[in-house]
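To start, the structure itself, in structure tokens.
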Amino acid sequence: MSTPKSFDDMSQSKYLKPANLPDQPVTVVIEKFEQIEVGDPKEKKWFVFFKGKDKCLGLNATRREALKVLYGTPGDAIGKAVDLRKGKTFYAGKQVDCIEVHPPSDEVPYDGPTEGEDQEIPF
């Protein structure tokens, strides 16, 4: 048995945490969405599961909005890829690590209008 890289690696949690991710983005494919009872008192929360992965990711408002912008509906998101990246956010007034959902890295970034496209900013 090998020694873990960090104490966070010793966690047996079934939920994905920032410490579980490498420093570079990870591309995963959405398998399903499911409600799971968590917390004390128990409360149903939505989670996303990924093909070939053991851990699921909780869907907070920010992650739900990212998936909505990318794919429209949960049904349309199943089978689609997303990048998961380590990020930072504020929680209870303190900066904490988080997991961000982004378009898959094989998407072509927008570099501005191409020749012949309207060059004006629409606002």
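The values are calculated or read from the model by the stated rules, or taken from the named source; none is laboratory data. From a predicted model like this one, the values you see are computed outputs, not experimental measurements. With ideal geometry, Cβ positions are generated from the backbone for all residues, glycine too; neighbour counts draw on all protein chains shown.
Numbers at a glance
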item	result
Condition broken by Q24, with the remaining ones in (1) touching a Ser or Thr at 6+ places or on another chain (Cβ under 7 Å); (2) surrounded by fewer than 10 Cβ atoms within 10 Å (Cβ to Cβ); (3) of a type outside the set (V, I, T) satisfied	(1)
Residue satisfying condition, being under 21 Å from Y91 (Cβ atoms) and part of a strand (DSSP E or B), within set I36, I30	I36
Residue list for segment 88-117, filter: at pLDDT 90 or above and assigned to a loop (DSSP other than H, G, I, E, B)	A92, G93, P103, P104
Residues of segment 22-55 classified as among the small types (G, A, S) and touching a helix residue (DSSP H, G or I) at 6+ places or on another chain (Cβ under 6 Å), total	0
Condition check for D54: surrounded by fewer than 17 Cβ atoms within 10 Å (Cβ to Cβ) and either touching a residue at least 40 places away in the same chain (Cβ under 8 Å) or aromatic (F, W, Y) (or both)	yes
